[in-house]
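Q: Sharing a structure with you now.
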Amino acid sequence: MGSTRTAWHVLLTTLLRQRRPRHFQIHSEVPLSAEPPRADHLLLRNDAPGDAREPAGTLRRLWPLLPRETIVEFKSVRRTYRSRDLDWLWGYISLHYAGAARRLGPRADLAGVVLLPSRTRSLDADAAALGLVWLDLAGGYWQLQGGAFALYVVELATVAEDEDDDLLHLLGHGEARTVEARRWLAEQIGAEEIAMAMRELEGFDEVLRTLLKKLPIEALLPALPVEELLAGMPPEQRLAGLTPEQRILLMPDEALRLLPDDYLRSLPEDIRAQIRARIGRPL
């Protein structure tokens, strides 16, 4: 444990290897996970006069519960809670507390939060295996009591209904029910920094499909480039509303050059003009 390895560590390893029972193996300096521990979010409380009266815009009942620092683990619709995720979170909390000794005081200064669409059987099973007890805080908020640190569980789908928060409904159900929520989603995807962070991640196509379901295309154009919009649409939706003549314009230039002149001359003048400009041939 820790980054400092002394000569005594080497001696202990040697002793264990030389005098171990034969049915044991000794490995030293072993990474315990493929990736370094990394929390989804770390919330830092920095109260100032009047802050306690400032209303929150989302998760309104959660913020007053949180101590100086809180580690948050988010489980999405696409990748929801899996068995032993709670053990990972406890490990993150303990590691953070051990490393923040100079900043944090008692264990009450640190808490954990699990945000997920709704409780799952695997979460219930893990909580029971760890000897934790559920305390209903109402409206989709729970506390898991019995651990070394305070731990809260937030069911986003329930909170969204109880607090009438459609942006949470988007995260809880993967659907945006109001135009305002879909516009917000379009704005976030249209923001260059956010879009770059999301584009290579698992589930980005699903987010785009959610966005494209009900929001009119004209509302999306200011936020998203055309190629981004088309990438999120199935082929039949891309062609919806186009006449047969307009669909011809979707063909590549090489294919347009193979079409007979007699056929091209039968097309409306505005279509012919665009094809002439592209293939450089009088029609």
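The values are calculated or read from the model by the stated rules, or taken from the named source; none is laboratory data. From a predicted model like this one, the values you see are computed outputs, not experimental measurements. Backbone-built Cβ (ideal geometry, glycine too); neighbour counts: all protein chains shown.
Q: Kindly provide the set of residues from region 156-185 that are within 13 Å of Thr58 (Cα to Cα), among the charged types (D, E, K, R) and free of Cβ contacts under 8 Å to residues at least 40 places away in the same chain, ordered by number.
A: Glu161, Asp162, Asp164, Asp166, listed by residue number.
Q: Being part of a helix (DSSP H, G or I) and free of Cβ contacts under 8 Å to residues at least 60 places away in the same chain is the filter; apply it to region 62-74 and report the residue that is surrounded by the fewest Cβ atoms within 10 Å (Cβ to Cβ).
A: Of region 62-74, the ones part of a helix (DSSP H, G or I) are 63-65.
Among the residues that remain, those that are also free of Cβ contacts under 8 Å to residues at least 60 places away in the same chain are: 63-64.
Details: Trp63: 16, Pro64: 8.
Among them, the one singled out is Pro64.
Q: Exactly one condition in (1) surrounded by fewer than 18 Cβ atoms within 10 Å (Cβ to Cβ); (2) assigned to a strand (DSSP E or B); (3) not small (Gly, Ala, Ser) is not met by Asp124; state its number.
A: Answer for Asp124: the failing condition is (2).
Q: Here is a further query. Among the residues of region 75-99, which ones are surrounded by fewer than 16 Cβ atoms within 10 Å (Cβ to Cβ) and touching a strand residue (DSSP E or B) at 6+ places or on another chain (Cβ under 7 Å)?
A: Thr80
Q: Can you tell me which residues in region 45-61 are touching a residue at least 60 places away in the same chain (Cβ under 8 Å), at negative phi and either of a type outside the set (Ser, Thr, Tyr) or surrounded by 15 or more Cβ atoms within 10 Å (Cβ to Cβ) (or both)?
A: Initial filter on region 45-61 (touching a residue at least 60 places away in the same chain (Cβ under 8 Å)): 58-61.
With at negative phi added as a condition, the list becomes 58, 60-61.
Within region 45-61, Arg60, Arg61 qualify.
Q: In the set Val133, Val113, which member is surrounded by 21 or more Cβ atoms within 10 Å (Cβ to Cβ), modelled with pLDDT of 95 or more and either among the hydrophobic types (A, V, I, L, M, F, W, C) or over 18 Å from the mean Cα position of the chain (by Cα) (or both)?
A: Numbers: Val133 fails: surrounded by 21 or more Cβ atoms within 10 Å (Cβ to Cβ).
Sole residue among the options that is surrounded by 21 or more Cβ atoms within 10 Å (Cβ to Cβ), modelled with pLDDT of 95 or more and either among the hydrophobic types (A, V, I, L, M, F, W, C) or over 18 Å from the mean Cα position of the chain (by Cα) (or both): Val113.
Q: If Leu15 satisfies all but one of (1) farther than 20 Å from Leu95 by Cα; (2) modelled with pLDDT of 85 or more; (3) loosely packed, with under 10 Cβ neighbours inside 10 Å, what's the number of the condition it fails?
A: Of everything listed in (1) farther than 20 Å from Leu95 by Cα; (2) modelled with pLDDT of 85 or more; (3) loosely packed, with under 10 Cβ neighbours inside 10 Å, Leu15 misses just condition (3).
Q: Leu59 - would you say it is hydrophobic (A, V, I, L, M, F, W, C) and in a loop (DSSP other than H, G, I, E, B)? Walk me through how you get there before you give the answer.
A: Details: hydrophobic (A, V, I, L, M, F, W, C): yes; in a loop (DSSP other than H, G, I, E, B): yes.
Yes.
Q: Restricting to region 18-44, and then to whatever is outside any loop (DSSP other than H, G, I, E, B) and in contact (Cβ under 8 Å) with a residue 12 or more places away in the chain, can you tell me which residue is surrounded by the fewest Cβ atoms within 10 Å (Cβ to Cβ)? Steps first, please.
A: Keep residues of region 18-44 that are outside any loop (DSSP other than H, G, I, E, B), which gives 18-19, 41-44.
Filter once more, keeping what is in contact (Cβ under 8 Å) with a residue 12 or more places away in the chain: 41-44.
Working: His41: 11, Leu42: 12, Leu43: 16, Leu44: 9.
So, considering only residues that are outside any loop (DSSP other than H, G, I, E, B) and in contact (Cβ under 8 Å) with a residue 12 or more places away in the chain, the one surrounded by the fewest Cβ atoms within 10 Å (Cβ to Cβ) is Leu44.
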